[in-house]
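I have placed the structure first, in the form of structure tokens, so that the comments after it can refer back to it.
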Amino acid sequence: QVQLVESGGGLVQAGGSLRLSCAASGIIRSINNMGWYRQAPGKERDLVATITSGGSTNYVDSVKGRFTISRDNVEKMLYLQMNSLKPEDTAVYYCNAEVVSVGPARRNYWGQGTQVTVSS
């Protein structure tokens, strides 16, 4: 019923920038919190940044000052502007959204992920 599709990943040198996008589609009555997560090989999926429906944001300490999360509620889009990228940012980045779909319950939905690779 709900699909999230990420785009914008790729290979970039340390110090470079990327902008990730996430498009939400399907049967959507409302979208509450949204966020970006990342998972490196051999590690757990970790929270990177979140944003509420009203635009309040939170970031993991390691990306503060470098990454900016934003959303467009009309277009149902989520973005992550990534600046001053470091090799340790290398991971698969996943879009997450809390969505009310066909029923009254709010549920989490995930995208398929987009690979970000930062070279030294």
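Looking only at the stretch 16-41, which residues have a backbone nitrogen under 13 Å from a spot 7 Å from the Cα of THR68 in the C-beta direction?
Under cut-off, by backbone N: 18-20.
In a Gaussian network model over the chain where Cα atoms closer than 10 Å are linked, find which of VAL92, VAL60, VAL74 has the largest mean-square fluctuation.
Highest fluctuation of the listed residues: VAL74.
What accessible surface, in Å², does a 1.4 Å probe find on GLU98, ignoring ligands, DNA and RNA and rounding to the nearest 10?
40
In Å², and per residue, what accessible area does the chain have when probed at 1.4 Å with the other protein chains present?
Computed with neighbouring chains in place, this is 54 Å² per residue.
Within the accessible area of the stretch 68-120, what % is carbon and sulfur when the probe is 1.4 Å and the other protein chains stay in place?
46
Rounded to the nearest Å, what's the spacing between the alpha carbon centres of the stretch 68-112 and the stretch 1-66? Just the number, please.
4
What are the radius of gyration and Dmax of the stretch 39-120, computed over its Cα atoms and given in Å?
Over the stretch 39-120's Cα set, Rg and Dmax evaluate to 13.9, 47 Å.
So how do ASP72, ASP46, ASP89, ASP61 rank on accessible area, 1.4 Å probe, biggest first, that is with the largest at the start? Please list the in-between numbers first.
On the way: ASP72 55, ASP46 80, ASP89 0, ASP61 115 Å².
Most to least solvent-accessible, the answer reads ASP61, ASP46, ASP72, ASP89.
Dipole magnitude of the chain about its Cα centre, charges +1 at Lys/Arg Cβ and -1 at Asp/Glu Cβ only, in debye to the nearest 20?
Using Cβ point charges on Lys, Arg, Asp and Glu, the chain gives about 140 debye.
Expected output is a single nm value to one decimal: the length gained when fully extending between ALA23 and VAL102, i.e. 0.36 nm times separation in residues minus the C-alpha distance. What is it? Spell out each step's value before the answer.
Working: separation 79, 0.36 × 79 = 28.44 nm, distance 1.86 nm.
Contour length minus the Cα-Cα distance gives 26.6 nm.
Please report the net charge: other residues with Cβ closer than 9 Å to the Cβ of ASP89, K and R +1, D and E -1. Present the calculation step by step, with values, prior to reporting the outcome.
Working: positive: ARG38, ARG66, LYS86; negative: GLU88.
In short, +2.
The values are calculated or read from the model by the stated rules, or taken from the named source; none is laboratory data. Computed from a prediction, not measured in an experiment: that's the story for all the values here. Note: ideal-geometry Cβ built from the backbone for every residue, glycine included; neighbour counts use all protein chains shown. In case anyone asks, the SASA skips ligands and DNA or RNA and just uses the protein heavy atoms, side chains included. Shrake-Rupley method; radii C 1.70, N 1.55, O 1.52, S 1.80 Å.
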